[in-house]
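Quick notes on the structure that follows.
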Amino acid sequence: MSTYVSSDYQAPSPFAQSLLSVLPHLPPDTRSGLCLELLLPHGNVLKFVQRALHLPANHQIINDLFSQIVILDAHGDRDALDQLHRIADDGNSKAQYSLGLKYKSGWSSVTQDIEKARVYFQLAASQGHEASQFLLDYMDAHQDT
């Protein structure tokens, strides 16, 4: 289901890279805003920040960034939707679940596509994402195909 390939990635500017050293010291909203503004067009923001700062995938900085991407996407930001796809394609179950919801309902700028929704829910469920499994079971029980 991969939409993006590694060649899509463009290195952030030296200025953007230099900001990484101060990220942990900034308030969450400021930190998220800076990352998204400067890094969003350059590939998977979460993976870049996680690797650059040597953070675990569940670190609060990474969670804050993901939340900001989801909020921007809800407001119709096309770069945020692209970012959600990149994150999901890199195996993030929360992004896969979010995209599954979008495709199931035709929410925001996404056209409803039940089969794509199933694929994203299945990817997330295979990693233990309980809400995705629940929705798959619900869709099966209600013949929502």
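Rule-based calculations on the coordinates, nothing more; no lab input. Remember, it's a predicted structure, so these values are computed and weren't measured experimentally. Here Cβ is always computed from backbone atoms with ideal geometry, including for glycine, and neighbour counts include all displayed protein chains.
Of all residues in segment 97-125 being hydroxyl-bearing (Ser, Thr, Tyr) and within 17 Å of the chain's Cα centre (by Cα), which is surrounded by the fewest Cβ atoms within 10 Å (Cβ to Cβ)? Once the filter is applied, the top-ranked residue is Ser109. Filtered by the rule that a residue be among the acidic types (Asp, Glu) and over 24 Å from His142 (Cβ atoms), segment 79-128 gives Asp79, Asp82, Asp89, Asp90.
When restricted to residues that are over 9 Å from the mean Cα position of the chain (by Cα) and either touching a residue at least 12 places away in the same chain (Cβ under 8 Å) or not in a helix (DSSP H, G or I) (or both), segment 69-88 contains 8.
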